[in-house]
Amino acid sequence: TDLRDNPDRFFAAHRTIAERSTEMGPGFFIRFTVQYNLFAGTILGLGGDEQLKMLETMQKKGHLGCFALTEKFAGVNSGLVVNTDIEWDNEKKVFIMNTKDSSARKNWISQGFVADKAVVVANLKVQDRDVGPHAFVMDFRNESGDLVDNVMIDDMGTKTVGNDLDNAWIHFDNVEVPRSAMLNRYANIDEDGQYVLNVPGIRPFDVS
């Protein structure tokens with residue numbers, strides 16, 4: 001939470017790592033920004049109180065996170081093209097997340113091959129209405145370190161530089177995600193299964 005509460009310390013850490021990046025290799029610097037800027041930063045910006053408490057637990061356990069935004073066929077339009085689908089199932093009271101084809105696989109996800117949790121950006125449908133991209137924080141691995149059911153990943157392979165960093169592709173096949181996974185400061189699913197904007201006129205993805 002230093003990004004929010006102690007930004008001088010946050011930026012000092014970035015400067016220190018940048019100064020030493022040539023001796024350490026680029027991987028650790030990228031991991032740092034993924035962990036604190038992208039993963040935790042998105043939760044800080046879009047998450048509710050209970051989701052913020054999760055960050056404290058992760059810090060104590062030493063758990064890693066990844067930020068699953070980029071998709072295979074998005075190209076330079078990463079974030080503007082989101083074809084990973086997530087639909088609210090009002091009978092089961094869960095979200096169902098799907099990669100509809102290989103073009104929608106999350107691609108080049110830094111730290112994605114080792115992450116314990118993931119912030120995933122997916123296009124949300126609620127009761128047959130498309131409400132656009134939203135961010136969800138989900139368990140990526142269970143307490144034993146195994147991937148959760150119906151999540152498939154692989155390493156992107158050897159790169160020209162930066163092989164001290166893992167990069168993964170990620171595929172979701174009817175993955176059930178709890179209602180509490182939706183980062184809900186600006187939008188939420190209420191008890192009746194209705195989509196509600198907590199701050200009218202502000203789309204959560206614009207904030208992200």
Kindly list the number of the only condition in (1) open to solvent by 50 Å² or more (accessible area, probe 1.4 Å); (2) over 17 Å from Met182 (Cβ atoms); (3) of a type in the set (S, T, N, Q) that fails for Asn90. (2)
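For the subset of the range 33-53 comprising residues that are farther than 28 Å from Ala18 by Cβ and in contact (Cβ under 8 Å) with a residue 40 or more places away in the chain, which member is surrounded by the fewest Cβ atoms within 10 Å (Cβ to Cβ)?
Glu50
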Expected output for the range 2-24 (first residue closer than 21 Å to Ile43 by Cβ and open to solvent by 90 Å² or more (accessible area, probe 1.4 Å), partner of a type outside the set (D, E, K, R) and assigned to a helix (DSSP H, G or I), Cβ below 7 Å, 6+ apart or cross-chain) is Arg4/Leu44
Residue, most open to solvent (accessible area, probe 1.4 Å), within the range 59-85, restricted to residues that are aliphatic (A, V, I, L, M) and over 30 Å from Asp2 (Cα atoms): Val76
What number of residues in the range 164-184 are in a loop (DSSP other than H, G, I, E, B), open to solvent by less than 60 Å² (accessible area, probe 1.4 Å) and out of contact with any Gly (no Cβ under 6 Å at 6 or more places or on another chain)? 1
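Residues checked against (1) in a loop (DSSP other than H, G, I, E, B); (2) touching a strand residue (DSSP E or B) at 6+ places or on another chain (Cβ under 6 Å); (3) of a type outside the set (A, V, I, L, M):
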{"site": "Phe67", "(1), (2), (3)": "no, yes, yes"}
{"site": "Phe73", "(1), (2), (3)": "yes, no, yes"}
{"site": "Met138", "(1), (2), (3)": "no, yes, no"}
{"site": "Ser144", "(1), (2), (3)": "yes, no, yes"}
Working carefully through the options Val161, Val114, find the one that is closer than 16 Å to Met58 by Cβ and open to solvent by 30 Å² or more (accessible area, probe 1.4 Å). Val114
Given the conditions (1) within 24 Å of Phe28 (Cα to Cα); (2) of a type in the set (Gly, Ala, Ser); (3) under 18 Å from the mean Cα position of the chain (by Cα); (4) modelled with pLDDT under 95, report the number of the one that Gly132 does not fulfil. (1)
Any hit, the range 146-156, residues being open to solvent by 80 Å² or more (accessible area, probe 1.4 Å), part of a loop (DSSP other than H, G, I, E, B) and closer than 30 Å to Phe28 by Cβ: yes
Going by the conditions given, is Asn107 more than 19 Å from Met156 (Cβ to Cβ), open to solvent by 10 Å² or more (accessible area, probe 1.4 Å) and either touching an Asp or Glu at 6+ places or on another chain (Cβ under 6 Å) or in a strand (DSSP E or B) (or both)? no
Looking only at residues that are among the hydrophobic types (A, V, I, L, M, F, W, C) and within 15 Å of the chain's Cα centre (by Cα) in the range 185-208, which one is surrounded by the fewest Cβ atoms within 10 Å (Cβ to Cβ)? Val207
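The values are calculated or read from the model by the stated rules, or taken from the named source; none is laboratory data. What you see is a predicted model, and the numbers here were worked out from it, not measured in a lab. Note that each Cβ is placed from the backbone with ideal geometry, even for glycine, and that neighbours are counted across all protein chains shown. The area values use the complete protein model at the heavy-atom level, side chains included, leaving out ligands, DNA and RNA. Shrake-Rupley method; radii C 1.70, N 1.55, O 1.52, S 1.80 Å.
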